[in-house]
Every structure is written in structure tokens, then in C-alpha cells.
Amino acid sequence: MSPITNLTGHLLQAHIFTARSLELAEILNQIVVAAKFVSHKTNRAGLTDILGDAGKTNVQQEEVQKLDEYAHDVFVRLLKQSPYVKAVGSEEEPEMIVFNEVYHDQAQYIVHLDPLDGSSNIDVNVSVGTNFVIFHKQSLGQKLLKSDYLQPGKNAVCAGYVVYGSSTMLVYSTGKGVHGFTLDPNIGEFLLSHENMTLPEKSEIYSLNESYQPKWDKNFADFVAKMKTNQDISGKPKTARYIGSLVADFHRNLLKGGIFLYPADKKHPNGKLRLLYEGIPLAFLIKAAGGYASDGKRDVLKIVPADLHQRIPFFVGNRPDVELVEQLLGNKH
Ligand code: AHG
Ligand code: MN
Ligand code: MN
């Protein structure tokens, strides 16, 4: 029987019928529609005027690509249509985007987004992605407080990503397993294709931009050198795979086993990746798949964000590998 389970059907079956699961299913449905728009645009990028930069920089002082802007706009407009979403945090906006229409009066959810991850790969036809994480408001009443949108990842109710690759997949978790859906372009729906994705025990891959080696901490450089020999924790050399799109590197390692590393260095004292909409979604997912994510000192899910665009060093994948990095760097902070 060909796959026929879509995301909201899967969520509601798993959560039996509760009010919150219905609200979450509705929010996820908006994310699904936005992902279809971005997939459609990405798959024909060379034919439409969506390649290249948008001629401006974002709060990260990074050049915004047209597809960054398009993805941001599509996800925010679709999430705004949900009466359950109170606010959105996006890589492309300095501050929180708060929805104050009448129909948001009872809205209790916050969504943090990396609308388009891997921007440097857009123009060269390499996989890119979207990251998201959903929190439930902690404070009562309609006002959005900082404590509502700067919550640690352990409070998240749902997290996921979309990878726009040779096929477009949406992978999500509410903490009960990790489940992957593949977009069938003929039907225009994401259908369950990878139920209960679990991280393989064997950690055979390391993903790291080695061009920064001259800026690394010496202990870290030694650790990386060992991964290429039989002294690696797995007892044999790991193979190197690095796409430069976090979501695509994470997705491959989730399927094959391995560790992704983006350490701090002299140029990026807090690392490059953002805690709220890159680190937390993937830390939530890897935990549900049997792995672990750290900033080199502690569990990413326990970090209380200080601000919307806080950067962290990020290590994610098989727990023994990530804990080894913590032993190595833990006393460095
Ligand atoms: P974004 O496009 O959302 O800014 O994210 C880019 C990130 C991440 O996708 C990737 O892992 C990392 O940048 C690559 O950084 P380097 O080019 O420094 O390796
Ligand atoms: Mn990103
Ligand atoms: Mn991005």
C-alpha cells in the first residue's frame, strides 16, 4: 500500500485527541503549506528571479539572499493566519514579530524560524533547509513576555526541519520519536516515509569546516586529528562529510550516524550557529532520536537563551562523541 499518512493525521493519531494536539496540528499545517511554497520556488530557482542576494544585510550582518527573504515572508504570512500563533522569531528579523489581530487574542504559541538554512548553497544547487521550533507561552494573558520567547529547548512542544534536497522532506518530533515525510509533488502532500527515525549506534561521519583549523583551540585540533585514525572513539577512522547547510548535514548524520561540529574559534568566540532557531530544533530532534547536542559544556536543551540571535558553539550527533567534546572543551568556558 503506497504511503498515505500526512503530517497532521500522524500527529493526531500519536497524541490521541487533545485540544493542544489539535492546535499544534493546525500550526504544523501552516508550516507544511509554507514548506510547499519554498520547495516549489527552490526547485526552479534557476528559472525564476530568486537567485542571488536581495541587496541588504540582516541583523547577523550577513548578506540576505532573495530566497532567505522569500522563505521568511512565506512562513511568517502563513503562521500569521493561525489563530494559535502569538509571535514568530526569525533569523531575518532583529525583533520578535508579534501578531495582534483580534483573532490572535487567545494565541498561546511561539514559533522560532530559520526560514532558509544554508543560504550560501542556494545559487549552486546544493540542498538547503528550514529549521523551526514551537513553544507554548508560559505567561498568562495576551501580552508576550521575554520569558515566553526566550525559553530553554527542554520546554519546546515541537521541533522540525525541512530539507529541500533531491526530494523535499519534512522531519518533526513532539518528543515521541522522530518522523519524516516526503513531499510527493504529484499529490502536493508530505507523506510519511520515515517513521521513528533513530540515530544509528555507529558514529562513522564527522561534519566540520576544516578551513578554520588555524583558529581552533589546540585540544580541539588534536581531537579532530584523532577522528581520522584508529584512535577515534569508534575504533576506526571516521569519514568526512560537510555540505555547509546545517539541516542537510544533520539529516545525513541522523540517517547514517555521526557528529556535526561547529566550534567557537578566535573569529567566532561564541560559534556561528544560533541557539534558538538552529541549535534548539536539532537538539530537540537528536534527543528524540537517541543522540545528544551540546555547546561544548552542557546540553543545548538546558540553555536559557539570553537573546533572540544568541550564537553558540554546536556539537550534535552520537552521545559518546559529543560527550568526548564536552570533556575536551568543558573546562574551556
Ligand atoms: P544560514 O544560511 O541560515 O545563515 O545558515 C548557515 C549556517 C549553516 O547552515 C551551516 O552549517 C553553516 O552556516 C556553514 O558555515 P560555514 O560556511 O562557516 O562552514
Ligand atoms: Mn541557518
Ligand atoms: Mn538562514
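The values are calculated or read from the model by the stated rules, or taken from the named source; none is laboratory data. In this text, all values refer to a predicted model and were calculated from it rather than measured experimentally. All Cβ positions, glycine included, derive from the backbone under ideal geometry; neighbour counts span all protein chains shown.
Residues that are small (G, A, S), more than 17 Å from N121 (Cβ to Cβ) and touching a residue at least 12 places away in the same chain (Cβ under 8 Å) were ranked within segment 31-89; the one that is farthest from ligand 2 (Cβ to nearest atom) is S82. Scanning segment 67-85 for residues that are within 11 Å of ligand 3 (Cβ to nearest atom) and among the small types (G, A, S) turns up just one, A71. Filtered by the rule that a residue be among the acidic types (D, E), farther than 18 Å from V59 by Cβ and within 15 Å of ligand 1 (Cβ to nearest atom), segment 117-149 gives a lone residue, D123.
Residues in segment 88-107 that are of a type in the set (S, T, Y) and in contact with a strand residue (DSSP E or B) (Cβ under 9 Å, 6 or more places away or on another chain): S90 only.
Restricting attention to segment 105-118, the residues that are modelled with pLDDT of 95 or more and either assigned to a loop (DSSP other than H, G, I, E, B) or more than 16 Å from ligand 3 (Cβ to nearest atom) (or both) total 5. Based on what the data block shows, is A159 touching a Pro at 6+ places or on another chain (Cβ under 6 Å) and either buried (at least 23 other Cβ atoms within 10 Å of the Cβ) or without any contact (Cβ under 8 Å) to a residue 24 or more places away in the chain (or both)? Yes: the conditions hold for A159. Among the residues of segment 201-219, those identified as crowded, with 17+ Cβ neighbours inside 10 Å and touching a Gly at 6+ places or on another chain (Cβ under 9 Å) are S203, E204, I205, Y206, S207. In the set G244, G279, only one residue is farther than 13 Å from D321 by Cβ and either assigned to a loop (DSSP other than H, G, I, E, B) or among the aromatic types (F, W, Y) (or both); that residue is G244.
With respect to the conditions (1) under 16 Å from V128 (Cβ atoms); (2) under 21 Å from the mean Cα position of the chain (by Cα), A54 falls short on a single one, namely (2). Go through segment 275-290 and count every residue that is closer than 11 Å to F132 by Cβ and among the β-branched types (V, I, T). Result for segment 275-290: 1. Quick check on L261: is it of a type in the set (A, V, I, L, M) and either assigned to a helix (DSSP H, G or I) or more than 16 Å from ligand 1 (Cβ to nearest atom) (or both)? Judged against the criteria, L261 is not a match. A single entry from K41, K80, K56, K66 fulfils the requirement of being assigned by TED's automatic domain parsing to the domain that holds I134 and surrounded by fewer than 14 Cβ atoms within 10 Å (Cβ to Cβ): K56. A single entry from V38, V74, V64 fulfils the requirement of being out of contact with any Leu (no Cβ under 6 Å at 6 or more places or on another chain) and assigned to a strand (DSSP E or B): V64. Selection within segment 1-20: residues that are in contact (Cβ under 8 Å) with a residue 40 or more places away in the chain and part of a helix (DSSP H, G or I). The member of this set that is surrounded by the most Cβ atoms within 10 Å (Cβ to Cβ) is L7. Quick check on segment 119-133: of everything there that is in contact (Cβ under 8 Å) with a residue 40 or more places away in the chain and surrounded by fewer than 24 Cβ atoms within 10 Å (Cβ to Cβ), which residue is nearest to ligand 3 (Cβ to nearest atom)? Once the filter is applied, the top-ranked residue is S119. Restricting K267, K272 to residues that are among the basic types (K, R), within 15 Å of the chain's Cα centre (by Cα) and part of a loop (DSSP other than H, G, I, E, B) narrows the list to K272. The residue pairs whose first member lies in segment 96-116 and is under 20 Å from L67 (Cα atoms) and within 16 Å of ligand 1 (Cβ to nearest atom), whose second member is modelled with pLDDT under 95 and among the charged types (D, E, K, R), and whose beta carbons are closer than 8 Å, counting only pairs six or more residues apart or on different chains, are P115/D68; L116/D68.
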